[in-house]
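First up is the structure itself, then whatever we jot down about it.
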Amino acid sequence: MVFSPSMLWRTVIGLEVHCQLGTRSKLFCPCPAAFGAPPNTHVCPVCLGAPGALPVLNREAVRLALRAALALGCEVDRASRFDRKHYFYCDLPKGYQISQYARPLARGGELALASGKRVHLRRIHLEEDAGKAIHDRGAHTLVDLNRAGVPLIEIVGEPELGTPEEAQDFLTRLRETLVFAGVSECDMEKGSLRCDVNVSLHRRGEPLGTRVELKNLNSFRNVGAALEREIARQRALLEAGERVQQETRLYDAARGETRVMRAKEDEDDYRYLPEPDLGVVRLGEEELAREQAALPEPAAARRARWQSELGLSAYDAGVLTATPALAEAFEETARLSGAPKEAANWLANDVAAAVTQAGAGGPRELGYGPERLAALIALVGAGRVSKSGAKDLLAAMRGNERAPEALLTELGLAQVSDEGELEAWCRGAIAAAARAAADVRAGEEKALGALLGKVMAASGRRANPARAREILLRLIREEP
Amino acid sequence: MSSVDLETLRTLATLARLTPSDAELTRLAADLGRILEAFEALAQAPGPRPDEPPATRTRADRPVPALDPEAFLAAAPAHEGGFFVVPRTVGGET
Amino acid sequence: MSTDDSTELDASALASAHAQGALAACATLEDTLASLDALDPLLESVAVRLDQLARTTAERLDGARQHEFPAGPLCGVPVMLKSNLCLAGVETNCGSRALAGYRPPYTATVVERLLAAGAVPVAMGHMDEFAMGSSGENSAFARTRNPWDLARTPGGSSSGPAAAVAAGLVPLALGSDTGGSVRQPAALCGITGFKPTYGRLSRFGLVAFGSSLDQVGILARSVRDVELALEALSGADGRDATSLDEPPVVRLDAVRLAGLRVGVPAEAFGPGLDPRVRAACEAALERLEELGCVRVPLSLPSTALAIACYYVVATAEAASNLARYDGVRYGPRVAGDGTLAGMQAATRTAGFGPEVVRRILLGTYVLSRDYQAAWYGRATGVRAALAAEFRAAFERVDVLAGPTTPTPAFRLGEKSADPLAMYLSDALTVPASLAGLPAISVPAGFAREGQRELPVGLQLTGPHRGDAHLLAVARAFQEATEHHLRRPALAEQV
Ligand SMILES: [Mg+2]
Ligand SMILES: [Zn+2]
């Protein structure tokens, strides 16, 4: 083994994740929280920071934040509070952000990585989002306050991650947990999941190094790439005997590099003040118990159960937990059809692909609700449609409200198992391909494929292939 | 602890986004020093833990239509295409 | 009834005259506008006249009367609003250059309720900038005068509303009281000024100064008018999370003063008290005893720290609340060095007057990382101790009584160069603010000052949420005294 100085360095990574809660209105005012509206059309005196306007807390946001805390196994504060965090920026209408500082909604909690490693969480708190400052249009900065006041939770993880891969896996698991708990859609492209990373390097056995914060990591891939770059940069500095500065750096995805955004100075004295406009967020034991009981089963637990109890492959189980909608569709289809493996086959392949390609919210939107998929599975099981015919039927079911059974007849896809009809097609095939029949008779079973192909072609793919095969063999053996 | 030196005051002014002149800063330092000195007794007070405020009033998650942007954009010092306009900058925080 | 009389009537009498059709709201309004024309140039109480809005409102009210729609409790009563109460589309400048020309896109809850009760808004009143001040001299736009002596301050920060009510320009006005800004000018102007229990009146639409202290207050010539307005304006508001979850305050029938326990804190009669104020308040207390009240001497030791505590809490919250005036979304902008930070700093520095700058810096200091625990932290502790002392006192007494201010109205300019002296003049009003208690100033007598007489106010404080009973006691005192009936001889001073 060759000695490399870089092996001496240990990397310590911590993540801070901001996640937009899936409410319809903002955290402290009734403006719509929806993404993508024209600039400054989801704005009122409260989120505009108009003089005299006051915040009133959205209780659904509290409920969703509580759900997140419970799903992550945190200790929930029964009397959390809001504080004002002060700084000046053009996207911060009041000159302060209403956040939770001294008494966050929850502390502790943990998240299991794919490797089984458990990463601890420090805290989860509720806060309002800032607006959006746009710098790349013209000579000025433009400010849109539609996002100002949208409800977020900030989840602070302990610095227990050792590699960029672990950081990405942490994010993947966190996102999955939040999505399955119904807390957020966690769509990085819409900014409903944002991630800040802090990273430092130190020699084994020595104290932690100076940490650098990375911002602007707007995709899972960027988190990995930015960390790779930053770790390399810090290692190069340290190996050259230089020091890492405590600072905040922005990741420039186009250039694949990080650059200084600002140094840590006196500037960030946030002068926290208990928010006098809001009282305590009181949570009762019944409410906690109710939310705990209402938490859906986590994705990881479902995958394990499906593999051990329903015999699914790890791959299928993984695909089926890509979204809660797909997972729910699978559970329901499996239950209705009594054929979990068949349900998994359809959903993990054709249906999942169709949902992704259409950008749909789930199978039901495409006409692949559990009742209809179960009906399809039943038709295949009863031999009323061939495997290949079933694919055509699935295609026909999309966006069509008619029952699969009716579509089957309508499209002429019903599989023919009638002995008389099958025998006629088989005789025709033997007559047309006497050579193949002779080969079969001589013991070359694989020549049967050609004959079966002719039967399928002649029947318009409706012939029951298993029955046709039996009949072909019988006819060839009977007629010397 | 009651004297406020000019350097501290300058830092406070930066935090508060104010730029008083040097003469004003000198006068303000004297004012603040005098005021804080008069308030010195406060810093000696033991004081119990502050009262916990009552449970906050909440609202249901019902969106209502927002303000017509015309109602407030017209009052903005600079706006364009529905946006507020400020000098070009980078930065921010969440 | 001749139109000459309408400005002599109080709000209660005007409202019933309008409701019964004995008097037209339009006629009353024209009297009011005429007296504003004649007298306001002497007082400088009016920041913005609302003639057109007022006329439209009064005509609508008279029309509704003709169709026999039920009249609101404040039908046709002309009112002035302190210019930190938002009225959609009307300049609400808070006495600050930072909000010069600013027209809010919405209306404050209390103003909505005032309008719904049939009141006619005639003007926005001058005030100390962002309600920071005790003399009106911190207004960027005016030097409001005291109608009892035009060389003197009307008090502050609700200077315009207090002066206008005292001079008979309007019978009713809304102000705001953070550390005494309604009670102190009411005392100095010889009228009735009420600060309700914190949370009693919605703060939605009241431009914030010290959010945990700010309360909308009512200024009138009599307690009965205060009660009339309070019933129309109070009641929970879903837009203010700190508003009390209680129905409107309904006027109580006459209370029995016999046996009523009146607590007199020793600290309220301390050595700094002007002897004339002491004498007038002593006389008022004796009058209460004659009426059957039992005087209970007591002590509220933490009031010694109240001024320090108040100025730490209020300036911390003010520094926070005033961070929004950054030249981005509203208000005048100053370009500065052309950067965002430079523009914000230049805008704020140009927009705020010296007292506001002083308080923002003080508030920033007491909240800053290194000093927060020593200052803001200690202040919240003292505040809790003070509230506990008040709670203990109200186990023993029904109301507390003492002077509202240490001195009668001082001369304009007398304290404006000395911020600390100005702060100390709030010593008697800030304790109730810190404890969130209802408190009222009622005229208690007069102090002779050369050829003139200057009003003295008696402050009565009630327990938390005891607004209705406190008002009933104050009304009983007023019914047994005549100080509130005296009017300043404004015309003689010209
Ligand atoms: Mg945050
Ligand atoms: Zn809003």
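Quick note: the coordinates plus some simple rules give every number you see, no bench work behind them. From a predicted model like this one, the values you see are computed outputs, not experimental measurements. Cβ placement follows ideal geometry from the backbone for every residue including glycine, while neighbour counts extend to all protein chains displayed.
The distance linking the stretch C:325-402 with the stretch C:119-149 is 21 Å (Cα centroid to Cα centroid, whole angstrom). Counting only residues at least eight positions apart within a chain, or on another chain, the lysines with an alpha carbon under 18 Å from that of A:Lys446 are A:Lys454. I need the shape label for the stretch A:124-248. Rule: rounded when a/c is under 1.5, else prolate if a/b > b/c, else oblate, with a, b, c from the alpha carbon gyration tensor. Oblate. When you restrict to C-alpha pairs under 8 Å that are six or more residues apart and normalise by the size of chain A, the relative contact order lands at 13 percent. Put simply, when C:177-186, A:11-20, C:479-488 are sorted by average Cβ atoms within 10 angstrom per residue, most first, you get C:177-186, A:11-20, C:479-488. Ranked for footprinting exposure by Cβ neighbours inside 10 Å, fewest first, C:Thr107, C:Thr92, A:Thr409 give A:Thr409, C:Thr107, C:Thr92.
Each residue of the stretch C:410-425 was assigned a 3J(HN,Hα) from its phi angle through the Karplus expression (A = 6.51, B = -1.76, C = 1.60, θ = phi - 60°), giving 9, 6, 4, x, 4, 10, 5, 8, 10, x, 5, 4, 5, 4, 5, 5 Hz with x at Gly and Pro.
Here is the size of the protein assembly as shown from its Cα atoms: Rg then Dmax, 37.4, 143 Å. Equivalent ellipsoid of chain A: semi-axes from √(5λ) of the C-alpha gyration tensor, largest first, are 57, 29, 21 Å. Label chain C by shape, choosing from rounded, prolate and oblate, from the square roots a ≥ b ≥ c of the eigenvalues of the Cα gyration tensor; if a/c is under 1.5 it is rounded, and otherwise prolate applies when a/b is larger than b/c, oblate when it is not. Rounded shape, in that the Cα axes give a/c under 1.5. With a 10 Å cut-off around each Cβ of A:276-289, the average count of Cβ atoms from other chains is 4.
Please average, across the residues of A:123-135, the number of beta carbons from any other chain that are within 10 Å of each residue's own beta carbon, and give a whole number.
Partner Cβ neighbours, averaged per residue: 2.
Peptides C:116-127, B:52-63, ordered by how many other C-beta atoms sit within 10 Å of their residues on average, highest first, read C:116-127, B:52-63. The mean number of partner chain beta-carbon atoms within 10 angstrom of a residue's beta-carbon across peptide C:351-362 is 4. Projected onto planes of every orientation and averaged, the convex hull of the alpha-carbon atoms in the stretch A:364-479 covers 7.3 nm².
Close amide H contacts of C:Gly457 (hydrogens built in the peptide plane, cut-off under 5 Å, sequence separation of 5 or more or a different chain): C:Thr404, C:Thr405, C:Ala444. Computed over the stretch C:374-494, the Cα gyration tensor eigenvalues convert (square root of 5λ each) into semi-axes of 30, 23, 9 Å, ordered from largest to smallest.
Bridging of C:Lys195 to lysines at a Cα separation below 28 Å is possible for A:Lys94, C:Lys82, C:Lys415, once same-chain residues fewer than 8 apart are set aside. Here the residues C:Phe69, C:Phe394, A:Phe330, C:Phe477, ranked from fewest to most Cβ neighbours within 10 Å of their Cβ, fall in the order C:Phe69, C:Phe394, C:Phe477, A:Phe330. For the stretch A:44-173, the equivalent ellipsoid derived from the alpha-carbon gyration tensor has semi-axes of 31, 21, 11 Å in decreasing order. Of all DSSP bridge pairs formed entirely within chain C, close to 70 percent run antiparallel. Across the stretch C:117-127, computed HN-Hα scalar couplings (Karplus, 6.51 cos²θ - 1.76 cosθ + 1.60, θ = phi - 60°) run 7, x, 5, 10, x, 9, 6, 9, x, 5, 7 Hz from first to last residue, x flagging Gly and Pro.
Our coupling estimate for the stretch A:278-285, obtained by passing each phi through the Karplus curve with A = 6.51, B = -1.76, C = 1.60 and θ = phi - 60°, is 10, x, 7, 8, 8, 10, x, 4 Hz, Gly and Pro reported as x.
Here A:Lys341 is the anchor, and the lysines within straight C-alpha reach of less than 19 Å, apart from those fewer than 8 places off in the same chain, are A:Lys387, A:Lys391. Among A:295-303, B:20-28, C:449-457, the peptide with the highest mean count of other Cβ atoms within 10 Å heads the list, and the full ranking is C:449-457, A:295-303, B:20-28.
At an R0 of 45 angstrom, the distance between the Cβ atoms of B:Thr26 and A:Arg290 translates into a FRET efficiency of 0.15. Pairs of C-alpha atoms in the stretch B:1-83 farther apart than 19 Å represent 69 percent of all such pairs. For chain C, the relative contact order works out to 17 percent when only alpha carbon pairs closer than 8 Å and six or more residues apart are counted. For A:Arg249, the amide hydrogen comes within under 5 Å of the amide hydrogens of A:Glu213, A:Leu214, A:Lys215, A:Met261, counting only partners 5 or more places away or on other chains and with H modelled in the peptide plane.
Could you line up C:His469, C:His18, C:His67, A:His120 from fewest to most neighbouring Cβ atoms inside 10 Å?
Details: C:His469 17, C:His18 28, C:His67 6, A:His120 13.
Taking fewest neighbouring Cβ atoms as first place, the list is C:His67, A:His120, C:His469, C:His18.
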